[in-house]
Amino acid sequence: MKTEIRRLGTSAEGIPIYAFRYIWGGPMFVGTMAQDLLAIRPDAVIATGWGYYMVDYDKLDIAMISVPDLSPVTAEAALAQAVKAARKRSPVPVQPAI
């Protein structure tokens, strides 16, 4: 389902991060592969009724984002954006006042 797959790095929690494009076209995305997660974070993988896997990004320390086509200079920036987007998605826990 993906093409132009390029490994960008690994998140702080050990999640492999890739740049890829879906086979039907459209923008480049930064995210992870469900097949990788089956071995390390199966709780973050959803099996569809069509035999495909999906990633539950709410359970990860990265978010899937769309980016302009990647050059070596922007690959590191795209990786940082995916981590930053996940932080914005997850509210920071508040310590109760004592």
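Rule-based calculations on the coordinates, nothing more; no lab input. What you see is a predicted model; the values in this text were computed from it and never measured. FYI the Cβ positions are ideal-geometry reconstructions off the backbone, even for glycines, and counts take in every protein chain you see.
The table that follows gives values for the structure above.
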read-out	value
Entry for Cα extents along the principal axes in Å (calculated from the structure that is shown) out of [x] 42, 32, 25; [y] 54, 37, 21; [z] 39, 26, 25	[y]
Formal net charge of residues neighbouring TYR22 (Cβ-Cβ distance under 15 Å; K, R +1; D, E -1)	+1
Dipole magnitude of the range 2-89, debye to nearest 20 (Cβ charges: Lys/Arg +1, Asp/Glu -1, about Cα centre)	140 debye
In the range 1-93, the chymotrypsin sites (Phe, Trp or Tyr not before Pro) that fall in loop regions by DSSP, at most 15 other Cβ within 10 Å	TRP24, TRP50, TYR52
Highest to lowest packing among 76-86, 3-13, scored as the average C-beta count within 10 Å	76-86, 3-13
MRE, 222 nm, helices only [DSSP H, n ≥ 4, -39500 (n - 2.57), over the chain, to nearest 500]	-8000 deg cm²/dmol
Aspartates and glutamates whose Cα lies under 15 Å from that of LYS88, excluding same-chain neighbours fewer than 8 positions away	ASP58, ASP61
